[in-house]
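Asker: Have a look at this one before I ask anything.
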Amino acid sequence: MNAPELAFFSINQLLGLPPLASEHGGMVDHMMEVVNWFMFILFLGWSIFLVIVFTKFRKGRHPKADYHGVRGHASTHIEIGVVIVEAILLLGFAFPLWSQQSVNYPSGGDVVKMRAMGEKFLWNFQYAGSDKSLGKVHLKHIDVAAGNIIGRDYKDPNGNDDFIKGGTMTIPVDRPVIIDVNSKDVIHNLALVTMRVAQDATPGVHAHMWFKPTKKGSWDIICGQLCGPGHSGMRATLEVIDQAEFDEFIAENSAAAAKQFAEAQAKASGMPAPAPTASPAAEAPAPAPAAAVP
């Protein structure tokens with residue numbers, strides 16, 4: 001049997017599962033494939049059983065009802081078998097995948113750190129900037145009128161070059177990414193289907209998820225938790241780009257963010273904003289007028 005014929009029998013593909021673009025996603029897809037096949041076989045078996053029951057025990061064949069029910073133990077054996085298979089799926093697939101994600105939690109300078117803040121009905125993404133350190137946030141600091149839309153703590157120096165982009169998450173290919181997921185109002189869910197990861201965004205809770213993208217491209221980000229009448233429109237875009245493009249993206253936005261952070265920090269502390277640095281020509285004292293020649 002050749003590859004195209006094998007692909008035809010993939011339930012994941014028949015169900016329209018989006019393409020895989022993360023390092024760990026292969027194990028997730030394999031688990032889903034096994035579960036889908038198991039559920040299909042279970043559905044087929046129970047459907048055949050119902051047809052047999054409706055045919056064999058119809059009223060025409062048994063005018064008088066039998067109130068004693070099934071006397072055999074076949075159904076009990078089937079139920080025990082289903083429990084055993086479900087335990088195998090849990091112990092053989094779900095636990096190892098969870099363990100892999102926990103034990104191999106990334107660290108070091110290669111990690112991209114960012115934050116996803118959900119609200120009705122949009123996503124805002126905070127980037128760590130050139131220093132690769134993500135500043136703190138707290139719901140009590142939110143001041144939309146002042147431009148602090150996610151509650152950044154301007155007293156935290158780690159956030160001095162952080163910047164925020166709404167609607168688009170930009171990350172580099174082949175680097176581990178850790179996302180701090182939070183919410184401003186109700187429970188949302190950051191679902192990156194092509195990366196095979198999702199995480200609930202709960203107000204006041206800093207939940208984390210991580211993955212390593214392996215393909216460049218552009219895909220949808222959705223909210224996987226029913227969050228209100230605008231839930232279906234709570235979408236964003238995931239952009240996976242080259243490392244060089246990402247470095248340029250970070251450098252351009254960090255410079256402007258550092259200036260905005262200094263202004264916001266001064267405003268929060270009640271101090272005047274720092275004056276722009278004057279040029280050397282402006283700082284030099286004016287020359288004294290020449291003495292008149294007699």
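The values are calculated or read from the model by the stated rules, or taken from the named source; none is laboratory data. Small disclaimer: the values here were computed from a predicted structure and weren't measured. Note that we place each Cβ from the backbone using ideal geometry, even for glycine, and neighbour counts take in every protein chain shown. These accessible areas exclude ligands, DNA and RNA; they are computed on the full protein's heavy atoms, side chains included. Shrake-Rupley method; radii C 1.70, N 1.55, O 1.52, S 1.80 Å.
Asker: Set the Förster distance to 45 Å, then compute FRET efficiency between THR237 and PHE54 from the Cβ-Cβ distance, nearest 0.05.
Answerer: The value I calculate is 0.35.
Asker: Which aspartates and glutamates does LYS56 reach when only Cα atoms under 16 Å apart count, and residues fewer than 8 places away in its own chain are ignored?
Answerer: Cα-Cα hits under 16 Å: ASP66.
Asker: Can you give the net charge of the other residues whose Cβ lies under 13 Å from the Cβ of MET39, counting K and R as +1 and D and E as -1?
Answerer: Here the count lands on -2.
Asker: Related question: Of PRO176, ALA201, PHE93, which is farthest on the positive side of the dipole of the range 84-209, counting Cα position, with +1 on Lys and Arg Cβ, -1 on Asp and Glu Cβ, and the Cα centre as origin?
Answerer: Sorting the options by dipole projection puts first ALA201.
Asker: Which value at 222 nm does the chain reach when only helices count, each DSSP H run of 4 or more adding -39,500 (n - 2.57), with the total divided by all residues and rounded to the nearest 500 deg cm²/dmol?
Answerer: My calculation for the chain gives -10500 deg cm²/dmol from helical runs alone.
Asker: Ranked from the most accessible area to the least, with a 1.4 Å probe and all protein chains present, what is the order of ASP153, ASP247?
Answerer: Ranked list, largest accessible area first: ASP247, ASP153.
Asker: Then there is this: How much accessible surface does PHE125 have with a 1.4 Å probe, in Å² rounded to 10?
Answerer: The accessible area comes out at roughly 0 Å².
Asker: Something else: With a point put 7 Å past each Cα toward its Cβ, work out how far LEU97 is from MET27 in nm, to one decimal.
Answerer: Output for this residue pair reads 1.0 nm.
Asker: Give the peptides 108-117, 169-178 in descending order of average Cβ contacts within 10 Å, highest first.
Answerer: Averaged packing, sorted descending, gives the order 169-178, 108-117.
Asker: Where Lys and Arg each count +1 and Asp and Glu each count -1, what net charge lies around PHE93 among other residues with Cβ under 12 Å from its Cβ?
Answerer: Net local charge, PHE93 excluded: -3.
Asker: What does the net charge come to around VAL51 if you take all other residues with beta carbon closer than 15 Å to its beta carbon, with K and R at +1 and D and E at -1?
Answerer: Summing Lys/Arg as +1 and Asp/Glu as -1 gives +3.
Asker: Same structure again: Go ahead and run the numbers for FRET between MET39 and SER218, Cβ-Cβ distance against an R0 of 35 Å, rounding to 0.05.
Answerer: 0.65
Asker: Same structure, new question: Modelling each spin label as a point 7 Å along the Cα-to-Cβ direction, I'd like the HIS208/ALA244 distance in nm, to one decimal.
Answerer: Output for this residue pair reads 3.2 nm.
Asker: Then there's this: Report the extension gain between LEU90 and HIS62 in nm, rounded to one decimal, defined as 0.36 nm multiplied by the number of residues separating them, less their alpha carbon distance.
Answerer: 5.8 nm
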